[in-house]
1. Show me the GluC sites (Glu not before Pro) within the stretch 146-243 that DSSP assigns to loop and that have at most 13 other Cβ atoms within 10 Å of their Cβ.
2. Could you give me the ³J(HN,Hα) list for the stretch 59-65, computed from phi with Karplus coefficients 6.51, -1.76, 1.60 and θ = phi - 60°, whole Hz, x at Gly and Pro?
3. How much of the accessible area of the chain, probe 1.4 Å, is carbon plus sulfur, in whole percent?
4. Taking amide H positions as placed 1.01 Å from N in the peptide plane, with prolines and chain starts having none, which residues 5 or more places from Leu116, or on another chain, fall under 5 Å of its amide H?
5. Ranked from highest to lowest mean number of other Cβ atoms within 10 Å per residue, what is the order of the peptides 330-338, 436-444, 266-274, 242-250?
6. Counting Lys and Arg as +1 and Asp and Glu as -1, each charge on the Cβ, what is the dipole of the chain about the Cα centre in debye, to the nearest 20?
7. Considering the options Phe260, Ser412, Gly71, tell which one lies farthest towards the positive end of the dipole of the chain, charges being +1 on Lys and Arg and -1 on Asp and Glu at the Cβ, about the Cα centre.
8. Give me the distance in nm between label points sitting 7 Å out from Cα along the Cα-to-Cβ direction at Glu166 and Glu297, one decimal.
Amino acid sequence: MTTDLALGIALLFVEGFLLCGFLAIFDYAPEANAGNTQNSFTPYLNGKPSMLPVTYMLYQDVHVMIWIGFGFLMTFLRRYGQSAVGLTFLIGAILVQVAMLCDGIISMGKNGKALLSLQGLLSADVAVAAPLISMGAVLGKTTYMQLIIMGIIELIMYTANKYIGEHHLMAVDAGDSMYVHVFGAYFGLAVSFVFGVKDKPKEHHLEGSTYQSDIFAMIGTVFLWLFWPSFNSASLKGDDQQRAIINTLLSLTASCVIAFAVSALVSKENKFNMVHVQNSTLAGGVAIGTAAGMMCEPIGALVIGCAAGVLSVLGYKYLTPLIQKKLRIHDTCGVHNLHGMPGVLAGIFGALMSGIASEDAYNYSLYEIFPARAPSEEGKLAEMRDNYNISPGLNRTAGQQAAYQLLALVISIVFAIISGLITGLIIRTSFCGTIKEDEKFDDAVHWELEEESMSEVSKHSDGMRDQMPMGHI
């Protein structure tokens, strides 16, 4: 049996396993269940069908980011465009099901069933961003089955890490900069490190870009840039959501301008570098994520965006070559510079904003943004619970909340690195297939390429050009 055939059969088994998981775990949530009596008449109150909830609009925005934004952002490699978009399509479709299963398992009710709603689909899309970020670190060096296995393991670890951060540490991370971007980046870098230990990273003739591939990659950049406010605000409501949209847009605009400026300063002949423009312009969206819903003020959002733009461009220029040379970590897409370092910056900025947050600035909404800071004593809680629906908290101080924010950041990094190293060892086994040195960054490994089919027809056939199908013409 050929390796490609074995991988195809394994792909069928993966989907079969997911089918069994959904059969065992999920039911529709009440709002999507036709058996719910209320659903029989509420959609047609006043003779008008109800509109789709805001959640669906945000879900569609995040959906576009995952499948178009991430997919096209990775098309910069001159001969790996079909794999960048196609494998993102495939892996995203598999992993969104895995993410729903992971979330369903931890939210399972007493009847052994989990309820599936639009909010669950949105959370799954956000989760899928983490393994797609990790994919950028090893892009072009793995089989699709290695990427799938890596993604499945990562989503299990991601779910555990986020559960610890949100439910035990009660750390706030509105845009998931710590839980998605930091975790995804350092998980991917750890996997790449394992690959580098086996085979020292080398320069490859297909690793560069072309004029056309850079333009395709800019499609991904622009889509991500446009929809990032939805990503950072999707889990929030009311004024928190509005602040997150405003803060994210301001941070993105600042990082965009600064990335162009710094790129011109550090590049040859003081011209813009397309790698910086494709990636560092987005760093502000990552850097503001943790504090997106906080009262960081417009100037704070602009400053953090500027800092992220500078950090990202300098990372591409100086740090990426250094970690490849010293640590043997080959980072194909530079996820450390777009997601890793800006994500760490987001965690630190979020801790700072948590440490200075006060009731004077937030009023009682302070305890909605930071539930752990809500009072636990009945006397203090009574008014807030009755008038503002505030739940009992842990009576944390601002300093304690800031410390827990930093702890969540550190745990995310450590958890990502350790689990990434173990995953790298697992997917290096022959079961997942391997990519030889001369096959790296080449679509021909996984795809039937039209141009190669054409050359074969020309090489082995005489007089066949006149009989060529219309599709080829």
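The values are calculated or read from the model by the stated rules, or taken from the named source; none is laboratory data. Quick caveat: nothing in here was measured; it's all calculated off a predicted structure. Counting neighbours? That spans all protein chains shown, and the Cβs are built from the backbone with ideal geometry, glycine included. Keep in mind that these areas ignore ligands, DNA and RNA; they rest on the heavy atoms of the full protein, side chains included. Shrake-Rupley method; radii C 1.70, N 1.55, O 1.52, S 1.80 Å.
1. Taking the stretch 146-243 and a limit of 13 other Cβ atoms within 10 Å, the loop GluC sites (Glu not before Pro) found are Glu203.
2. In residue order, the calculated couplings are 4, 5, 4, 5, 4, 5, 4 Hz.
3. Exposed carbon and sulfur together represent 64 percent of the surface.
4. Those qualifying (amide H under 5 Å, at least 5 residues apart or on another chain) are Asp27, Tyr28, Ala29.
5. Averaged packing, sorted descending, gives the order 330-338, 242-250, 436-444, 266-274.
6. Approximately 900 debye in magnitude.
7. So the residue we want is Ser412.
8. 3.2 nm
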